[in-house]
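The values are calculated or read from the model by the stated rules, or taken from the named source; none is laboratory data. In this text the structure is predicted, and so the values were computed from the model without any measurement. Cβ atoms come from the backbone with ideal geometry, glycine included; neighbour counts cover every protein chain shown. Surface areas here come from the heavy atoms of the whole protein model, side chains and all, with no ligands, DNA or RNA. Shrake-Rupley method; radii C 1.70, N 1.55, O 1.52, S 1.80 Å.
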Amino acid sequence: MIGRLNHIAIAVPDLAAASAKYRHLLGAQVGQPIALPEHGVTVVFIDTGNTEVELLEPLGEASPIAGFLAKTPGGGMHHICFEVPDITAAAATLVAGGARVLGDGKPKTGAHGLPVLFLHPKDFDSTLIELEQH
Ligand code: CO
């Protein structure tokens, strides 16, 4: 069902500092910050050729990554994102198999402007999985 690994997301306490390290130390193609108020994050995408790294910094009071950074103040891997051809069919298959879709279970528009869903980390070995329709 899942396709290509679209991105690996890393929550960071300082987006500018993290971006600078990827740009200058790792010599990566680092994009500009994109504020996503409806998701409570500011993101930077880094093209690594075969996938992307998504750096996430909290935005606003009720950021969904605030709790994560409270537990891991130095930052850390937050989620991985796989592409799926039909997100509604994927969600139905997952729920039928006993996995839980976070939130109201309906796709939202993600950072790439495409439908996304998140799966409960307890169902996937403590790894938050994002599905993005492509
Ligand atoms: Co993501």
Can you tell me which residue among T88, T72 is more than 18 Å from the chain's Cα centre (by Cα) and open to solvent by 30 Å² or more (accessible area, probe 1.4 Å)? T88
Options I34, I65: the member that is within 16 Å of the ligand (Cβ to nearest atom), open to solvent by 30 Å² or more (accessible area, probe 1.4 Å) and not aromatic (F, W, Y): I34
Is the range 117-127 home to any residue that is open to solvent by 50 Å² or more (accessible area, probe 1.4 Å), within 12 Å of the ligand (Cβ to nearest atom) and within 19 Å of V43 (Cβ to Cβ)? yes
Top-ranked residue of the range 37-62 - restricted to ones that are polar (S, T, N, Q) and open to solvent by less than 70 Å² (accessible area, probe 1.4 Å), ranked as farthest from the chain's Cα centre (by Cα): T48
State whether the residues of the range 12-30 include one that is closer than 26 Å to G67 by Cα, open to solvent by 30 Å² or more (accessible area, probe 1.4 Å), within 13 Å of the ligand (Cβ to nearest atom) and touching a residue at least 24 places away in the same chain (Cβ under 8 Å). no
